[in-house]
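What follows draws every value from the coordinates through simple rules; no lab data is involved. Remember, it's a predicted structure, so these values are computed and weren't measured experimentally. Quick reminder, even Gly has a Cβ in these numbers, built from the backbone with ideal geometry, and neighbours come from all protein chains shown.
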Amino acid sequence: MKVLDCGLGSTRVARDECVLSCQQEQQLYADWEDETKIEAFKEHKRCLRDSTCEEIEQGVCYDPELFIIDGPT
């Protein structure tokens with residue numbers, strides 16, 4: 001939700017959808033039982049919580065293991 005609060009999310013993504021998506025992604029890693037990815041996702045959430053909007057926009061929390069499509073621009 002912080003990404004939405006920072007104005008960095010898509011205007012098409014509602015807050016409830018953002019929360020649900022995060023919960024589904026967290027469950028996916030738990031279902032895989034991949035401790036490395038579970039820890040990486042936890043660290044990603046901590047990074048989002050602890051970083052400023054500007055830092056997030058610059059990609060400080062980007063992890064290529066979690067986000068295989070595109071990194072920050």
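Across the range 45-55, in residue order, what do the Karplus-derived ³J(HN,Hα) couplings come to in whole Hz, using 6.51 cos²θ - 1.76 cosθ + 1.60 with θ = phi - 60° and x for Gly and Pro?
Result, rounded to whole Hz: 5, 4, 4, 4, 5, 8, 9, 7, 4, 5, 5.
Tabulate in residue order the Karplus-calculated ³J(HN,Hα) for the range 31-37, using 6.51 cos²θ - 1.76 cosθ + 1.60 with θ = phi - 60°, rounded to whole Hz; enter x for Gly and Pro.
5, 6, 6, 9, 4, 5, 6
By the scheme Lys and Arg +1, Asp and Glu -1, what is the net charge of all other residues having a beta-carbon under 14 Å from that of Glu35?
Net of charged neighbours comes to -4.
With each pseudo-label sitting 7 Å past Cα toward Cβ, what's the Lys37-Ser51 distance in nm, one decimal?
With each label placed 7 Å out from Cα toward Cβ, I get 2.1 nm.
Filter the GluC sites (Glu not before Pro) in the range 15-57 to those in DSSP coil with at most 14 other Cβ atoms within 10 Å of their Cβ, and list the result.
Those that pass, being in a loop and sparsely packed, are Glu33.
Label point 7 Å out from Gln26 along Cα-to-Cβ: which residues of the range 35-53 have amide N under 16 Å?
37-50
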